[in-house]
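Enquirer: Dropping a structure here in structure tokens format, bear with me for questions.
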Amino acid sequence: MTEIHDEAADDPQHPEEHIAPVPRISVQAFCETEQTLKAVTAAGEDRRLAKAHLTAKSGGLAAAIEVYETMPTPNVIVIESDGTRDILEGLDDLAGVCDPGTRVVVIGNPNDTAPYRELVRRGVNDYVVGPVETIDVVRSICSLFSASEAIITGRIIAVVGAKGGVGASTVAHNVAWTIARDLALDSVVIDLDLAFGTAGLDYNQDPAQGIANAVLSPDRPDTALMERLLAKCSEHLSLLAAPATLDRVYDFGAEAFDAIFDTLRMTTPCIVLDVPHQWSAWTKRALVNADDIVIVAEPDLANLRNTKNMLSVLKTARPNDRPPLYCINQVGMHKRAEIDVKSFAKTMESQPLAVIPFDSKLFSTAANNGQMIAEVSKSHRTTELFQNMANRLAGRGEVRKPKRSLLGPLLKRLKARTGRGSAPHRKAS
Ligand SMILES: Nc1ncnc2c1ncn2[C@@H]1O[C@H](COP(=O)(O)OP(=O)(O)OP(=O)(O)O)[C@@H](O)[C@H]1O
Ligand SMILES: [Mg+2]
């Protein structure tokens, strides 16, 4: 399929855009400028192109034509135009040596004059005007695979605690439930705490199978298997529950969950990972490869240190993503000395996604009844906090309750008395 990237439609620095990872493909780039060569090489290191085999060289169109005269073409060719040669003529020459299945991305020069229509006719799949940043290259290559195969490419939101017991699972379950209910987005929670996970309890579910069957199965998971293992919690929410039994121990390799995540994201727009508080190859990988990360912390010194360390490692591993988000939970516990939110934010050099008050009655009622906070109290401030988090994480803006006017009720009564504001009388016809 041929399509041209509408560069006006998206802001290259937009932090919340969703770029889906590519499958195992080969990409070869022929650049004209140092900057493009650097951007393309760095794109090869991006998490979304981790499965791709990418090489970048100099020489532009001329070099590409020369190489492919004697070699088969890869899945994707990226060509930079330097604006001096007629790009259409060059593409015609390339077409002569290009295998039919190969997709072509052109990094254009502002001096190019070729109309889009002509580029499309020559089989160009995406055209990006240079100079490009790393993220532009990532986006362009990924768009060739997500848009053309008409499959859903779900967003993964990973939630993890900066320490054990801080409320990370509670936050993950409430946020996922809210995304599913308020935004009507089909969502799946994966409880990755296989031995002790509480998602089944929190959603009042008792599924016989779940994540353990998927990860321990000798076969590669497919959509049918995942469908069988999911427990339906509400109209738009399903759960891949943890067995929470101790008859075996759970040690996993770094890539143990990759195929499960890949399979699920083909059918599910939103996947929330409840990641246990541990630092192992597979937990780190689940965090690094997520579209968004939320670290849940309590306002004390150990949480402050751990959050800072996690932010720093994850930022370095994801240079082309928005930084991980964090929320401070259980704030205002009676008689506890706490680090105030302002100091916490200063150390993190960013504001928290949410500050959730400590409320033992509300949270323990929810936990013991197998309910969400919104089910215990629809109008509670914490319910609203989870709604805001859900909106931010699903890529929507913040919802604010309309401010209630103190004069509102009085004005309403006055209007009722004078007849103003009520339905206009119908004119006799
Ligand atoms: N804001 C809050 N106020 C009061 N209690 C809370 C709050 N948030 C969570 N809790 C309670 O804290 C306890 C621990 O929560 P949760 O199991 O979600 O933490 P966790 O970080 O996932 O723990 P673990 O490390 O065991 O996975 C639960 O009983 C939960 O109800
Ligand atoms: Mg937990």
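The values are calculated or read from the model by the stated rules, or taken from the named source; none is laboratory data. In this text, all values refer to a predicted model and were calculated from it rather than measured experimentally. Here the Cβ is made from the backbone with ideal geometry for all residues, glycine too, and neighbour counts use every protein chain on show. These accessible areas exclude ligands, DNA and RNA; they are computed on the full protein's heavy atoms, side chains included. Shrake-Rupley method; radii C 1.70, N 1.55, O 1.52, S 1.80 Å.
Enquirer: Using a 1.4 Å probe, what is the accessible area per residue for the chain, in Å²?
Expert: With the other protein chains kept in place, the chain gives 51 Å² per residue.
Enquirer: Looking at the chain as a GNM with Cα springs under 10 Å, which of T383, T347, T41 has the largest mean-square fluctuation?
Expert: For the chain, modelled as a Gaussian network with Cα springs under 10 Å, the answer is T347.
Enquirer: Antiparallel as a % of all DSSP beta bridges within the range 155-393, to the nearest 5?
Expert: Percent antiparallel among DSSP bridges in the range 155-393 is about 10.
Enquirer: Testing the spin-label approximation: label points 7 Å from Cα along Cα→Cβ at D247 and N111. State their distance in nm.
Expert: A separation of 7.2 nm, rounded to one decimal place.
Enquirer: Sticking with this one: Rounding to the nearest 20 debye, state how big the charge dipole of the chain is about its Cα centre with +1 on each Lys and Arg Cβ and -1 on each Asp and Glu Cβ.
Expert: Computed charge dipole of the chain: roughly 3160 debye.
Enquirer: Ranked highest first by the average count of other Cβ atoms within 10 Å around their residues, in what order do 293-306, 69-82 fall?
Expert: By packing density, highest mean first, the sequence is 293-306, 69-82.
Enquirer: If the limit is 31 Å between Cα atoms, which of K163/K361; K232/K346; K51/K315; K342/K378; K51/K308; K57/K308 go over it?
Expert: Flagged as over cut-off: K232/K346; K57/K308.
Enquirer: Note down the magnitude of the dipole of the range 19-146 about its Cα centre, charges +1 on Lys and Arg C-beta and -1 on Asp and Glu C-beta and zero elsewhere, to the nearest 20 debye.
Expert: The dipole magnitude comes to about 640 debye.
Enquirer: On to the next question. Taking the Cα centre of the range 155-393 as origin, sum charge times position over the Cβ atoms of Lys and Arg (+1) and Asp and Glu (-1), and report the length of that vector in debye to the nearest 20.
Expert: 760
Enquirer: Would you be so kind as to identify which of S360, I339, F252 lies farthest towards the positive end of the dipole of the range 155-393, taking Lys and Arg as +1 and Asp and Glu as -1 on Cβ and the Cα centre as origin?
Expert: I339
Enquirer: Is the shape of the range 12-89 best called rounded, prolate or oblate, per the rule: a/c under 1.5 gives rounded, else a/b larger than b/c gives prolate, else oblate, with a ≥ b ≥ c the square roots of the Cα gyration tensor eigenvalues?
Expert: Note, shape of the range 12-89 comes out oblate.
Enquirer: Now a separate question. Roughly what would the spin-label model give for H53 and R336, points 7 Å off Cα along C-beta, in nm?
Expert: In this crude label model, H53 to R336 measures out at 5.2 nm.
Enquirer: Where in the range 43-93 are there trypsin sites (Lys or Arg not before Pro) that are in a DSSP coil and have at most 15 other Cβ atoms within 10 angstrom of their Cβ?
Expert: K51, R85
Enquirer: Could you check the spin-label model distance between E349 and A254? Points 7 Å from the Cα along Cα→Cβ, value in nm.
Expert: The two pseudo-label positions are separated by 2.6 nm.
Enquirer: In terms of Cα to Cα distance under 15 Å, which aspartates and glutamates are near enough to K38, apart from those fewer than 8 places away along the same chain?
Expert: Cα-Cα hits under 15 Å: D46, E80, E133, D136.
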